[in-house]
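The values are calculated or read from the model by the stated rules, or taken from the named source; none is laboratory data. All values derive from a computational prediction rather than experimental measurement. Heads up, the Cβs are rebuilt from the backbone with ideal geometry, glycines too, and the neighbour counts pull from every protein chain shown.
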Amino acid sequence: MVRIRVPMLPAPGELPWSASVNDTEVDIHVESNAILLDVLRDQVGTLGVKRGCDMGTCGCCSVLVDGEPRLSCLMLAHEAAGCALTTVEGLADGHHLHPIQETFTTHGGSQCGFCTPGFLVVISALLEENPEPNEAEIKAAIDGNLCRCTGYQQIVDSVRAASMIITSGKKTADATDPMPDPHPGMPTVEVESEELEVVPDE
Amino acid sequence: MSDDDEMVGYKQQPGKLPFARPGSGGSEKFSELRDESRIPESQGGTLAQPQGANRHDSLITGAAIGRRTPMVDSRWKVMGQAKYGDDIRLPGELFGRILRSPHHYARIRSIDTSAAEALPGVVAVSTGSEAPACFGVLPVTKDEHAMAQEKVRHVGDLVACVAAEDELTALEALRLIEVDYEVLDAVHDMRDGLKDAEEPIHDRGKYHIGDSNVQKRVFQEFGDISGMRDSAVATHTSDWYFAGANHGFTEPHAVAAHWEPNGRLTLYTPQQVPHYVHRALADVLDIPMHQINVYRTAVGGGFGGKSDPFPHEMCAAILARKSGRPVRITFDRDEVFYVNRGRHPSRLGMVIHADSQGRLCGMETDALLDGGAFASFGHVTTYYNGVLHTAPYEIGGFHYTGTRVWTNKPASGAMRGHGAVNSRCAVEVGIDDVCEQLSVDPIDFRLANLLPPMSRTITGFRITSIGMRECLERVRRASDWDDRFRKLPLGHGLGIGCGFFISGSALPIHWEPNKFPHATVHLKVDMDGGVTVHTGAAEIGQGSDTVVALAVAEVLGLPLDMIRIRSRESDTSPVDLGSYSSRVTFMNCNAAISAAMEIRQELLDATSMITGAPTERLVIGDRRIFSKDDPAVGVSYLEALQKAQEDRGALASSGAYRTPPMGRTHKGAAAGLAPAYSFSAYVAEVKVDVETGQTSVLKVWAAHDCGKALNPLAVEGQMIGSIHMGMGQVLSEEMRYGRSGNLLNADLLDYKIPTVHEMPEVTPIIVESNDPEGPFGAKEAGEGPLLPILPAICNAVYDAIGIRIHELPLAPALVHREIEKRCKELGIDDPLDLPSPDLEHSPLHHVLRERADEHSVRDLERKLDGERDQYHNGALFGLDATIPADEQDDSWTAVVLPDEQYLESPRLAGSAWLHVERRHQGGDA
Amino acid sequence: MRMPPFELHLPESLDSAMTIAGELADEDCDFDWIAGGTDLLPNYKWHLNSKPHVISLAKVSELSTLEPTHIGAMVRLQALATSDSCHPLLRQTSGTIASVMIRRSGTVGGNICLDTRCFWFNQGEEWRRSIDWCIKCDCGTGADCRVISHQNELCVATYQADLAASLLALDATIHLASPDGSRSLPLAEFFQEDGITRNVLKDGEMVTHLTLPDDAEDWQGDYQKLRLRESWDFPEAGIAAAWKIDGDGNLDGLRVASTALESIPRLHQELADEAREGWAGVESVNSLAVAVQKAVKPVNNTWFPPSYRKKMVRVLTRRALAPLERVEAAN
């Protein structure tokens, strides 16, 4: 059989690669021809970065490279070496969600959620640069991201709502704060000692 | 040990504090009052009930439903923590890749895998000979295998699979597998599928239809067939071509299989219907179902495209078994298109008749469906293309011939609006044309021809609630229809379209619906007070986890964060049919409500024991159960729970839902039966650039009757998302096959899904008709909202340029060609001089208006009157409403086989009936 | 999708890029330049003519200069689309390219050197195998052209870069560099009529920058693009027009260029000159539009049918020239 196609093997040699991923220094070795998306998913472990089309036409793989949104599926890993990378995992401040994360939940910006990470990093960069984008600016900023569920309208709504949170200077709630329970577990009333006797099944 | 020493109980030391009551902590001491505005009037609240009472009204606590509720799993998604198919990374995993056919149709003479197996790093290689068992989504049409047996049937069909230490090695190994093919004559055009073939794509032995590639054929006649043609004064005839569409979900298929140390298989897969995979795996792997745990990962979009059991899922399991290690297979985007299961490419003949009274006296539909290489859901699709347009209108006759053929293309299957989308488009465009011929307003025409609530369609479907009238009236108002329809300048148009869809199929494919429930939900409440819900409904982003949680929260009066949904694993969830046919809200919420009612009863009983108040006077508020008569008499939820748990521990309950017996007995009567139906009406406003043929949708007013919006945020999301998807099919999306028969656009650059810039401004209008059997009155909102957008845009394009185009997508080149043609016909040089259609009402207009007004009164009466008579389709044509039409008039008898007269000149799909079913391939007829 | 194996070189200056290119040439190693990667990487993922070495220009900062008449090859398309210091026609044109995300990676040089595209070429490896390959990536099989068969000489893949048309209309000059030295030529002479050869770049040669004539700011223009969707889609036809109005408000200069219609972009200078002499407003617009339409020969290898693309050339040209409908010829 004639081997007429590009052989996949051998893989090119590995080279040291370091970057700051979500404020954590990563030092690993990656192949010379590696794509940033593959490195993030398979080696760094930031699985929040999604592979949708692998060809730059869905935006699911968007990450911030030194604060700028980029398609990680169309970026050579070694070109991003030494950069500060932010993935969706790096948007929240501890348990405080980034406003756009918060409003994506409250305004329906996320349905199946697969495109969500890409939208979130792109929109976070938009809001960083322009905290009060108008509708045209919002659409222009997200026209490289594909969403099949929402029809974009609730995504645009979410951006507007996030913009309001940001301009109001409020912080989003801590996700781990207990929800108020109207009936605390412990009664605080004084009780007579004999009432405390618990004698089951006598 | 003597009797005296026996421990009979624990006696607490005096002076010690009591055992702390379990609970979730927190600081606010008092519960909120019951929100009266969310309690129906019938239960003493202030919520207006114009649509009457519902059987679940007494369970409403005001806690959850009806509010715009974020999805309960959305935080995982926005934090990047949701695990989709390819995010399952198991220690020691291997990478699986699949060798696919380069031929459309070929016989495999031999496969040599030795070189691949010898490649260092390759751990397992498997071919079809190792998995001979067939499977398929429908038990009646099992025509798929894990890998090709003797033949490959489309480019991309699975031939072999490899598991290796890394992906590159797996890819290289695929190239080393040598396959010797004998290329066979392929069928590309669906019309060729009707003909006898040298080598039919599948042989079904004794059920084979001639030597053709006909997979399924349907013939149906209801109503007065000869009468409808005689009494017609306006007839619309069209021949449509609909290109195939793909679901276009953003997450490519991915699967991981792992044989656990105890010898059981866990299959991680983004599935809409884990149960089908569960069954198919057992068949293919030849192991009992209890040895398999199907774990549904987060699903990155389904839309019907992840509801079949897939061969690659079998491959992963086979490779994992063979290698003894976990195997993960992730698709490239082109492989997604090879699996397909998208909307059928179809050729549809539509005839609509209207009589002098402006009644729809007949519909004749002929649907030829290109099924691709496998049956998938096609059996059902073939019925749905006909029966799902027999409502919401009362019709005088319905003639349907539907045929699905196998061709050498990736298989078509179920896609959002399954089987109803294309034919609905043709019907609604046909009605628009008939109205044009009659010079009446198409909204008036529809309003004068609707079935009432609590009625039967011509095919015997049971209509319960119907909000169609309100949908039409509200979009008419919102879009300023009366002042703008047929009055806009050239290139600018308004159009109306309606929809009708099942809210859960009444026929569970794998079992007898009268014996086993359609859905089962388990609840567990332990000391922490939180409620764990076990359901097999598959969360695919539509909010099924959320809506089931809402139903439970509502009944128990708990905040949503106290409800935990466990819906991922077949090990823990009751068997469920998953997320298709828009069944989850209706069926799983109903099941969840009945499970929650059990827990509720136990809590009420416990409260009654503590307070002495009679159970029937107790109500549930926000985590408090108290007496209606004196709200001060009551206990907290946790106190009641603790009492109920005494002596037995955690509370558990099980609830189930099954549809009431329904439907008629003719062949195919079960297809399209549902416990309820959704209705919708959309108005679209478009601009057509008459010089380029490019169409853009500016605005859509979308009214959808979902019965009751349990979560309006999700309902609106479904509506807007449906519009996006449906608009894609109208304007740009198509699976395009080239001269060689190859799919030309198996990628997201050339499979043209509309971008944010194409999306119109949508005004979602939720109509709540309060279904008597729906959970709190709810019906579906997942698929029905897609249907009206296609005809609404088509009709708007007509309003804009005065040309009807019976082909989708409305590609600019196509529209431009039609505009040129029309200009030539009219002798116009510049397309900007084309006339724009206008409307001068005919006298029939008043007849329709009057009838619509009468029917409006009739409908409300039927809705609110519990003692109503039966209403069967046919009454509008002078028959007795209370008796099925065929029982009072012979000419209305249902027919499911063509007679000789029909076979003399059958229509396109109907010609499938010229073949004789034969016993064995090569044998006699 | 996995990349075919290659070794990446990341020079940090033009000199060192040239050194690497020279060394690879000496060793007889094939290589590709990579700028933004939005064109090359998808092609590599599909195993289309990949090379064993790739030299990335990402770190070569001297190629990123952006001035009114000097546009570095590594200027990102989004930077061009949002820049105040570039010609408005280029700003408008680059704003229409693909999607905002592609533009953030894609570069001017990469766009000019965009590989030609064809339905029978831009497909995965297995797909191309199933049609027995094609002339543009025949994998050593000597396969025929699949668009027009039995003509084993010319590749008719379509050149679908937007910027080319506008740069041609602005009479840009392209500047090239190779280990053997640098050269400059009018952009119109850069392209070569063949979907495989595409342009005059020699092995190891690359584009460093483009310059516009000094009077570029006196020229106004418009770019009209035919495509199905407002994002992502390549042009199915693109017409750029640039004109100069003299002090009397009369037409003093006119250039029209087309792209995405053939395997190269085309400057229709003779047609424009002819029309400009005796320019008569609407009438001239219409006749020039017809002439441009006649001058192009699209083939069936992109999304829209060629007959439609050709017809649209007239509409696009007319719309691009609409501002000149009321202008008269300069004396």
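Worth pointing out:
- The test for being among the β-branched types (Val, Ile, Thr), crowded, with 22+ Cβ neighbours inside 10 Å, at pLDDT 95 or above and within 16 Å of B:Ala703 (Cβ to Cβ) holds for B:Ile466.
A quick yes/no check of all residues on (1) assigned to a loop (DSSP other than H, G, I, E, B); (2) out of contact with any helix residue (DSSP H, G or I) (no Cβ under 7 Å at 6 or more places or on another chain); (3) basic (Lys, Arg):
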position	(1), (2), (3)
B:Asp366	no, no, no
B:Leu369	no, no, no
B:Ala373	yes, yes, no
B:Thr381	no, yes, no
B:Tyr384	no, yes, no
B:Thr390	yes, yes, no
B:Thr401	no, no, no
B:Arg404	no, no, yes
B:Thr407	yes, no, no
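- Checking each residue in the range B:611-667 for being in contact with a strand residue (DSSP E or B) (Cβ under 6 Å, 6 or more places away or on another chain) and under 30 Å from B:Ala894 (Cβ atoms) picks out B:Tyr657, B:Met662.
- All positions within the range B:296-335 that are closer than 23 Å to B:Gly541 by Cα, in contact with a His (Cβ under 6 Å, 6 or more places away or on another chain) and not small (Gly, Ala, Ser): B:Phe303, B:Ile329, B:Phe331
- Flag for B:Arg75 being within 30 Å of A:Phe119 (Cβ to Cβ), surrounded by fewer than 17 Cβ atoms within 10 Å (Cβ to Cβ) and either away from every other protein chain (no Cβ under 11 Å) or at pLDDT 90 or above (or both): no
- Residue ID - nearest to A:Lys171 (Cα to Cα), chosen from residues in the range A:76-96 that are touching a strand residue (DSSP E or B) at 6+ places or on another chain (Cβ under 9 Å) and of a type in the set (Asp, Glu): A:Glu89
- For B:Ala391, the conditions (1) touching a Leu at 6+ places or on another chain (Cβ under 8 Å); (2) surrounded by 24 or more Cβ atoms within 10 Å (Cβ to Cβ); (3) among the small types (Gly, Ala, Ser); (4) at pLDDT 95 or above all hold with the exception of (4).
- Scanning the range B:254-274 for residues being closer than 14 Å to B:Lys306 by Cβ and buried (at least 24 other Cβ atoms within 10 Å of the Cβ) gives a total of 9.
- Residue ID - farthest from the other protein chains (Cβ to nearest Cβ), chosen from residues in the range C:235-246 that are among the hydrophobic types (A, V, I, L, M, F, W, C) and either surrounded by fewer than 24 Cβ atoms within 10 Å (Cβ to Cβ) or in contact with a Lys or Arg (Cβ under 6 Å, 6 or more places away or on another chain) (or both): C:Ile245
- Among helices (runs of 4 or more DSSP H) entirely within the range A:35-151, having at least 1 residues that are buried (at least 24 other Cβ atoms within 10 Å of the Cβ) singles out A:99-106, A:116-129.
- Filter result for C:Ile174 (of a type in the set (A, V, I, L, M), touching a Phe, Trp or Tyr at 6+ places or on another chain (Cβ under 9 Å) and closer than 30 Å to C:Gly22 by Cα): yes
- Total residues in the range A:1-21 satisfying the condition of being within 13 Å of chain B (Cβ to nearest Cβ) and in a loop (DSSP other than H, G, I, E, B): the figure is 12.
- Extreme residue, surrounded by the most Cβ atoms within 10 Å (Cβ to Cβ), among residues of the range A:20-34 that are hydroxyl-bearing (Ser, Thr, Tyr) and under 18 Å from the mean Cα position of the chain (by Cα): A:Ser20
- Options B:Glu199, B:Glu251, B:Glu221; residue that is of a type outside the set (A, V, I, L, M), within 30 Å of A:Cys147 (Cβ to Cβ) and in contact with a strand residue (DSSP E or B) (Cβ under 9 Å, 6 or more places away or on another chain): B:Glu251
- Residue pairs whose Cβ atoms lie under 7 Å apart, separated by 6 or more positions or on different chains, with the first residue in the range A:119-143 and more than 8 Å from every other protein chain (Cβ to nearest Cβ) and the second part of a helix (DSSP H, G or I) and of a type in the set (D, E, K, R), are A:Asn130/A:Glu137.
- For the range C:40-62, filtered to residues that are farther than 30 Å from C:Trp133 by Cα and in a loop (DSSP other than H, G, I, E, B), the residue that is nearest to the other protein chains (Cβ to nearest Cβ) is C:Ala58.
- Of all residues in the range C:1-36 being more than 12 Å from every other protein chain (Cβ to nearest Cβ) and of a type in the set (Phe, Trp, Tyr), the one that is surrounded by the fewest Cβ atoms within 10 Å (Cβ to Cβ): C:Phe31
- Filtered residue count, the range C:63-99, keeping only those that are in contact (Cβ under 8 Å) with a residue 24 or more places away in the chain, in a helix (DSSP H, G or I) and of a type in the set (Lys, Arg): 0
- Residue list for the range A:57-72, filter: closer than 16 Å to A:Pro117 by Cβ and within 11 Å of chain B (Cβ to nearest Cβ): A:Cys58, A:Gly59, A:Cys60, A:Cys61, A:Val63
- Residue among B:Glu780, B:Glu840, B:Glu820, B:Glu761 that alone is surrounded by 21 or more Cβ atoms within 10 Å (Cβ to Cβ) and either modelled with pLDDT of 95 or more or away from every other protein chain (no Cβ under 14 Å) (or both): B:Glu780
- All positions within the range C:76-88 that are surrounded by fewer than 24 Cβ atoms within 10 Å (Cβ to Cβ) and of a type in the set (A, V, I, L, M): C:Ala79, C:Ala81
- Check on C:Gly36, of a type outside the set (Val, Ile, Thr), outside any loop (DSSP other than H, G, I, E, B) and at negative phi: no
- B:Ile329 vs. criteria more than 14 Å from every other protein chain (Cβ to nearest Cβ) and assigned to a strand (DSSP E or B): no
- Put simply, of C:Leu288, C:Leu267 the only residue that is within 21 Å of the chain's Cα centre (by Cα) and closer than 22 Å to C:Glu236 by Cα is C:Leu267.
Residue-wise test of (1) over 19 Å from B:Ile88 (Cβ atoms); (2) more than 9 Å from chain B (Cβ to nearest Cβ); (3) touching a residue at least 60 places away in the same chain (Cβ under 8 Å).
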position	(1), (2), (3)
A:Asp23	yes, yes, yes
A:His29	yes, yes, no
A:Leu37	no, yes, no
A:Met55	yes, no, no
A:Gly82	yes, yes, yes
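- Screening B:Gly668 with (1) over 30 Å from B:Val552 (Cα atoms); (2) buried (at least 24 other Cβ atoms within 10 Å of the Cβ) gives one miss only, at (2).
- The number of residues in the range C:97-137 being within 12 Å of chain A (Cβ to nearest Cβ), crowded, with 22+ Cβ neighbours inside 10 Å and of a type in the set (Gly, Ala, Ser) comes to 5.
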